[in-house]
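The values are calculated or read from the model by the stated rules, or taken from the named source; none is laboratory data. The shown structure was predicted, so the numbers you read here are calculated from the model rather than taken from an experiment. Note: ideal-geometry Cβ built from the backbone for every residue, glycine included; neighbour counts use all protein chains shown.
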Amino acid sequence: MNEQASDADELTMCLRSFHRSLRATVVAGAKLDLGSPRSHADNSLAEAATSTDNKQLLSGAKNHGGIATISKLDRLEPLLDDLVRRERTTTDSPGKQNEESAHTLPASYVSAFRVFQQTGRIDLVLDSLSLPSTIAGELASTVRPVWFYLALMLVVATAGITVFATISAPRVAAIREDLALMPAATTSDSWFAAPDINPLLILLPLLTIGMITLGLTTKGSATIVSGLGGRRYRTDRSRAVLANIERAREDADDKDYTGRRSRLSLMSAHAFSLAQHRLTRLRIGLPTLLVAVLGGGGALFYCLILFGPLIWLIHDLATIAAEQGMWP
């Protein structure tokens, strides 16, 4: 009985210390990703939970995933306490050792507590929980200046096209109408000869707002960078943190795994170095690529819109036959 009471007190202190550290980190402004709750579809035991307490736990933990807040941690702490105690009771029961307690608590949150329970390393726990936000912020920072640069280009393009539509386009259209009255004249059917600019005056401000939104948000930019080569950086950073956690677990074990600890240390250092190398390449290559493709393509289209009518007007004037007496 004394041993069981001591274990219960130790578990209580571990839970309190764990949540106290998480709360302090949240108050400091760090973003801790608790992960997604386990769904009923992925957990058959959760579907089979019939007791009133279990049903309350399952329904109470559905919306507790995502970025940690003080209110979320206050609601999750008793749920995790109940889960751990039920698992300990199940482990101590001879006929239930192979059963798993049903729960829908956030996966990363539960895994982080197990790491803290095994190693006592809150620094590793905070690294693992803040890793998704850290990776997203670093990936977004590689292209955030590009979005603002493109937004500035779109503002200038909108102003230029507005001036062209107001002053130059009506005069060019009037010249083409007069040219069409000449019997020997031919007019081009190209869209760039007389472009419809009104839709562009609506589209360009919307694109500007979209670029500014991408620059101000992290998730969208990080998703784009992940699809353009940032996924490997995310993988290497995750490998480095996982290797540190595994090494801490080996340190907490009484057995002598010196060789394995050394390998895990080397794996962590190599993965982190490789991740930094990939991030450097992304910061150099990706903005260059985006500016060349998006900025260059936009500048070409802008020039065609502004100078296309003038070029085609000169072309149509040049096709008038001199023998018809149209040239002096």
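Quick check on segment 14-33. Is at least one of its residues outside the structural domain of residue 218 (by TED's automatic domain parsing), more than 16 Å from residue 127 (Cα to Cα) and at pLDDT below 85?
Within segment 14-33, not a single residue is outside the structural domain of residue 218 (by TED's automatic domain parsing), more than 16 Å from residue 127 (Cα to Cα) and at pLDDT below 85.
Return the total of residues in segment 129-146 being closer than 17 Å to residue 20 by Cα and among the polar types (S, T, N, Q). Let's see the steps before the verdict.
So the first thing to find is which residues in segment 129-146 are closer than 17 Å to residue 20 by Cα, and the list is 129-130.
Now drop any that are not among the polar types (S, T, N, Q), which leaves 130.
Matching residues across segment 129-146 total 1.
Determine the pairs where a residue that is farther than 16 Å from residue 143 by Cα, located within segment 194-215, has a partner that is at pLDDT below 90 and not aromatic (Phe, Trp, Tyr) with Cβ atoms under 6 Å apart, the partner being 6 or more residues away or on another chain.
195/305; 197/165
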